[in-house]
Amino acid sequence: MDTQTVLLVFVAVGLDGLAGLAGGVLSERWLQRRLPALVAFAAGTLLSAVFLEVLPKAVEAKGDAAFAWAFASFVVLTFMEWALGHHHHDAEAAAGHAHGHHHAHPVSPTLPTALLASDALHNVGDGAAVAAAFLVSPQAGFATAFAVIVHELPQEVGDYALLRAAGWTRARSLVALGAVQLTAAVGAAGVLLGTRYLPSLQGTVLAIAGGSFLYIGAVDLLPELRRGPDSRQRVVGFLCGLLLIGGLHFAERFAGGHG
């Protein structure tokens, strides 16, 4: 692991952190227009990175055991998402309340604390995933970081709406969301330090990351291709994502084989 890899990891984590401030800047209308194509592109890049970069490296290091770790990661994320629910429905209700819809449900005073704690845990995992991807290749790292950012944007808009509906000021809400995003650096640092001092962990880390990427790409992002109008635009975005990472992967292999 060289200095450039470490720098790239924290640049990517920093960009991910900016998504935590998006809730107070981006409107839901803007997201509804722009996000579908970005989500489709992110799904293509992330799934390409999983099958062409991350899982093959994990299998190379751990053998068939890599598939067991990846499967376990996928299952754990499934149950975590189910248990946490990640407040999407509450966010929609709170957003309506914050914009003056009188029939929206009031927000519990304890909800902001639970919300921010859940986000902090989620961001630790995001940071670890981004760092693990950069251990494979820069293209896998940036594909993962982009997918994480796109995945975070609508969530952060909902989080911001919840905090405002709970009576928090705009400044306090943005500071809290920004602070929570810093926990991604903890996850990234944990992966980088762990694999540096215990190199045997790298294969396991990559397998776990591969399972989590597969979950995000297949469960969170890919279904968006079938929702709403402009399905052609989404399919094009998805194919562009596949071709970008696939092209970089095979170009690198070709150059390596003839270098």
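Springs between Cα atoms under 10 Å define the GNM used for the chain, and in it the highest mean-square fluctuation of G44, G167, G127 occurs at G167. Considering only P154, P112, P223, give the residue with the highest GNM mean-square fluctuation for the chain, with springs between Cα atoms whenever their separation is below 10 Å. Checking each option, the largest mean-square fluctuation is seen for P223. The magnitude of the dipole of the chain, with charges of +1 and -1 set on the Cβ of Lys/Arg and Asp/Glu and taken from the Cα centre, is near 380 debye. When the Debye formula is applied to the Cα atoms of the stretch 1-69, each taken as the same point scatterer, what base-10 log of I(q)/I(0) results at q = 0.19, 0.23 Å⁻¹? Summing over Cα pairs of the stretch 1-69 leads to -1.00, -1.08. Which whole number in µm²/s is D for the chain by Stokes-Einstein, with the Kirkwood Rh taken over Cα pairs at 20 °C and 1.002 mPa s? This corresponds to a translational diffusion coefficient of 113 µm²/s.
Indicate the gyration tensor shape class of the stretch 166-259 (rounded, prolate or oblate), computed on the Cα atoms with a ≥ b ≥ c the square roots of the eigenvalues: a/c under 1.5 is rounded; otherwise a/b larger than b/c is prolate and the rest oblate. Note, shape of the stretch 166-259 comes out oblate. Here the extension length gained between C240 and Q32 equals 72.9 nm, from 0.36 nm per residue of separation less the Cα-Cα distance. Between V186 and R232, the simple spin-label model (points 7 angstrom out along Cα→Cβ) gives 4.8 nm.
Here, each number is a calculation from the coordinates, and none is a lab measurement. On a predicted model such as this, the values are computed, not experimentally measured, just so you know. Counting neighbours? That spans all protein chains shown, and the Cβs are built from the backbone with ideal geometry, glycine included.
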